[in-house]
Amino acid sequence: MWPMTRAAAAPAGTVQAKRSPPQLLNRVDHLVYATPDLELGIERIHEVLGIRAATGGSHPGRGTRNALVALGTTSYLEIIGPDPDQPAPAGGRPFRIDALKAPALVAWAAKGQKLDALAADAKTRGVALGPVVDGSRKRPDGVTLAWRYTDPRTVVAEGVVPFFIDWGASPHPARTAAAGATLVALRAEHPNPARARAALAALGIDLPVARARRAGLVATIESPKGLVDIR
C-alpha cells in the first residue's frame, strides 16, 4: 500500500477549512519524500498529484539525488533517493533511504538563519539538533546551489521535529521546481505526542501532533487531482 491517500472531491470552502495557519506554513522550507528509487518516487507523486517533478541534482558525498515539486514560492516537495553514480557514504544515506521499502514522507525542513546560534539556543532548551554543515548541488542548468543546514542525520522525535536550512545567497529551489501544487496543511502523528509537542514548542513551532502507533508526517496538498494527503 502506498503511503499516501487522495482526498475525496471537496466542496467550495473545504480547502480553507483544512488550511494550517500561515505562521506554520511560512516556516516550511521543504518536505522530504524519501524513496529507495528516485524514479519510483517521481512516478508515485506524478500519479497522485498529477505533476511530474523537475530534476534537481546530485548531492556530492551524500550518495543521493533529488527531484522537486513547488508547494509555493519558497517551499517545495523534495523527492530524494539514491544516486547510482555515487557510492553510499560510510555513515549511510540520510533520511533512512537505505532501509526504505517504499517511498514515504519522512522529514521536513524549516527556514532558518544564523543556524549556529539557533542550534545552540535549541540545545539550551533541551533539543539537540544536528551539527550545522554545508551542502551543495548543481542544477541541470549548471547553477550551483549552496546552503547551510542542521544535519538531518540527527533525527529528533522520529522526524516530526524539523531540521533547519538557510539558502544564503542561492536562489530558492522552489523557483525551478515543477509548478501546480500548494501546501495546504501539515500535521504530525507520534506515539508520545506530548514529548514531540514539547520539542516543537521549544523551537517556536506550533505543529499539530496527534497520538498514533507510529510517528509520521501528513501533508495536505492542493493539486491538479484535488486535495491529496501524502504520508
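Leu40 versus Arg195, label points 7 Å from Cα toward the beta carbon: distance in nm?
2.9
Working from the pairwise distances between different alpha carbons, so that the mean of 1/r is found and then inverted, what is the chain's Kirkwood radius in Å?
One decimal place: 17.8 Å for the Kirkwood radius.
Most fluctuating residue of Ala107, Ala181, Ala169 in a GNM of the chain with Cα springs under 10 Å: which is it?
Answer for the Gaussian network model of the chain: Ala169.
Name the aspartates and glutamates eligible as straight-distance cross-link partners of Lys18: C-alpha to C-alpha under 17 Å, and not fewer than 8 places from it in the same chain.
The reachable aspartates and glutamates, counting only those whose Cα sits under 17 Å from Lys18, are Glu189, Asp206, Glu222, Asp229.
For Ala210 and Arg125 in one chain, what is 0.36 nm times their gap in residues minus the Cα-Cα distance, to one decimal in nm?
28.3 nm
Among Val133, Val160, what is the fewest-to-most ranking by other Cβ atoms within 10 Å?
Val133, Val160
Summing +1 for each Lys or Arg and -1 for each Asp or Glu, what net charge is found among the other residues whose Cβ lies under 12 Å from the Cβ of Lys18?
0
Just how many pairs of Lys in region 86-231 have C-alpha atoms closer than 30 Å, counting pairs that are eight or more places apart or on different chains?
8
FYI, it's all coordinate maths here, none of it is from the lab. In this text the structure is predicted, and so the values were computed from the model without any measurement. As a convention, Cβ positions derive from the backbone with ideal geometry for all residues, glycine included, and neighbour counts pool all protein chains shown.
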